[in-house]
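A short worksheet on the structure shown next.
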Amino acid sequence: MKPEWTKLLCDPIDGTKLKLVNPLIKKGHVVSGKLIGGSGNVYRIKEGIPILLPPGAQSTSSVESFAFEWDEWGWLFAKKYWLKNNIRPLLGTESEFKGKTIVDAGAGSGAQSRWMAEGGAKLVISLELSNTIFNRHKETIKGFEDVVFPIQCDIAYLPITVKPDILYCINVLQHTKDPKKTFNNLSRLMHKENIFLFNVYNKEGVLGSKIVKILRRVIRWLPFRIWKWFSFLVAFGIFALDKMIPWVIKSKYSDVHYSDNFTELWLQIYDAFGAHSYQFTFSQKEQLDLIKKARLRIKVKDSLGYLLVKDV
Ligand SMILES: C[S@@+](CC[C@H](N)C(=O)[O-])C[C@H]1O[C@@H](n2cnc3c(N)ncnc32)[C@H](O)[C@@H]1O
């Protein structure tokens, strides 16, 4: 992290300012040191990344399977898919990132943070709970270390004071321990002029969700690597079927954003049934309630998510 980024941070417990103590600075970046809050809470900076996880935060073990996923696959190959499915329908073009301050909440591999920086963002605060922040994420944002600011934290305990121009939380909320609390806390970053790109998993039919639940219970017992290769076989089956009789897949998975990139499909199968601790689903009504209670308004809605604004 850059030393001047300290002023963007606050203690995730009580919101007090953080003071940078004993920093080791190399080439203009803090490599190690401590951050101390107004009430004396101490947080470590490890490998240049502040760890702002208070007691009571969601554990990093709840997202260990995600860390494995990003460390194994990365996600940089999927920019085309991201632009087509998330950015174009909700935002238009990536030029909307130009000059903006963005919070990427639940940044995973760091790919989206990088793409926002490539789109010309002024600053991307990249918040991620899992330990991939020290591995794949670091590799992914190489060359953009002056724009992308990675922080290990739980987005239910936000450690930042900045109100960004764009708040981005896509494919994350359902994996948090308390999605409603997390959503409300994220919504506090909203004001009259910024936007929030957001989605959460839809509730499937009763049978569909039961099958996913049962499969996930079994898969949680498997070593991540075994599930990785088992999901390879499943992806291979679907992919082969699609190439032979495409209408079977297209009709069956018309509401799943099925990709024709094999690696993407493989990763999505690993992810959808993965061993992370939390995977909630929300009906349309529950999603609208969540948005309404946080006093946000839907400006754009697409099958993959929402662009939300705050009127007052
Ligand atoms: C399905 S991935 C999505 C990543 C990225 N936004 C994307 O669309 O590719 C969900 C990510 O959210 C992270 N995550 C889950 N709970 C979190 C929390 N409470 N705080 C911060 N990150 C969290 C996981 O570790 C994981 O990397």
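Residues in the range 51-61 that are open to solvent by 30 Å² or more (accessible area, probe 1.4 Å) and in contact with a Pro (Cβ under 9 Å, 6 or more places away or on another chain): Leu53 alone. Residues in the range 91-109 that are open to solvent by 10 Å² or more (accessible area, probe 1.4 Å) and either within 18 Å of the chain's Cα centre (by Cα) or within 16 Å of the ligand (Cβ to nearest atom) (or both): 4 in all.
One line per residue, one yes/no per condition, for (1) touching a Pro at 6+ places or on another chain (Cβ under 7 Å); (2) basic (Lys, Arg); (3) over 20 Å from His175 (Cα atoms):
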site	(1), (2), (3)
Thr6	no, no, yes
Gly33	yes, no, yes
Gly40	no, no, yes
Ile49	yes, no, yes
Val63	no, no, no
Phe68	no, no, no
Gly74	no, no, no
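Every listed requirement among (1) modelled with pLDDT of 95 or more; (2) open to solvent by 50 Å² or more (accessible area, probe 1.4 Å); (3) not small (Gly, Ala, Ser) is met by Phe280 save one, (1).
Among the residues of the range 136-154, just one is crowded, with 24+ Cβ neighbours inside 10 Å and in a loop (DSSP other than H, G, I, E, B), namely Asp154. The residue that is nearest to Phe280 (Cα to Cα), among those in the range 155-172 that are of a type in the set (Val, Ile, Thr) and open to solvent by less than 50 Å² (accessible area, probe 1.4 Å), is Val172.
Within the range 37-74, the set of residues being within 11 Å of the ligand (Cβ to nearest atom) and on the phi > 0 side of the Ramachandran plot comprises just one member, Gly74.
Of the residues that make up the range 175-194, is at least one open to solvent by less than 30 Å² (accessible area, probe 1.4 Å) and under 22 Å from Asp71 (Cβ atoms)? Looking through the range 175-194, at least one residue is open to solvent by less than 30 Å² (accessible area, probe 1.4 Å) and under 22 Å from Asp71 (Cβ atoms).
Quick grid of which residues meet (1) modelled with pLDDT under 95; (2) closer than 15 Å to Phe134 by Cβ; (3) in contact with a Gly (Cβ under 6 Å, 6 or more places away or on another chain):
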position	(1), (2), (3)
Glu64	no, yes, no
Phe68	no, yes, no
Lys79	yes, no, no
Gly92	yes, no, no
Gly106	no, no, no
Arg114	no, no, no
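Please determine whether any residue of the range 204-218 is surrounded by 13 or more Cβ atoms within 10 Å (Cβ to Cβ), modelled with pLDDT under 85 and assigned to a loop (DSSP other than H, G, I, E, B). Yes, the conditions are met somewhere in the range 204-218. Only one entry of Glu145, Glu128, Glu204, Glu193 meets the criterion of being within 22 Å of Lys79 (Cα to Cα) and more than 14 Å from the ligand (Cβ to nearest atom), and that entry is Glu145.
Scan the range 77-87 and give yes if some residue there is open to solvent by less than 10 Å² (accessible area, probe 1.4 Å), within 30 Å of Trp229 (Cα to Cα) and outside the structural domain of Asp11 (by TED's automatic domain parsing), otherwise no. Yes, the range 77-87 contains at least one residue that is open to solvent by less than 10 Å² (accessible area, probe 1.4 Å), within 30 Å of Trp229 (Cα to Cα) and outside the structural domain of Asp11 (by TED's automatic domain parsing).
The values are calculated or read from the model by the stated rules, or taken from the named source; none is laboratory data. Just so it is clear, the structure is predicted and the values come from calculations on it, not from any experiment. Cβ sites come from the backbone with ideal geometry, for glycine too, and all protein chains shown count toward neighbours. For accessibility, only protein heavy atoms count, side chains too; no ligands or nucleic acids. Shrake-Rupley method; radii C 1.70, N 1.55, O 1.52, S 1.80 Å.
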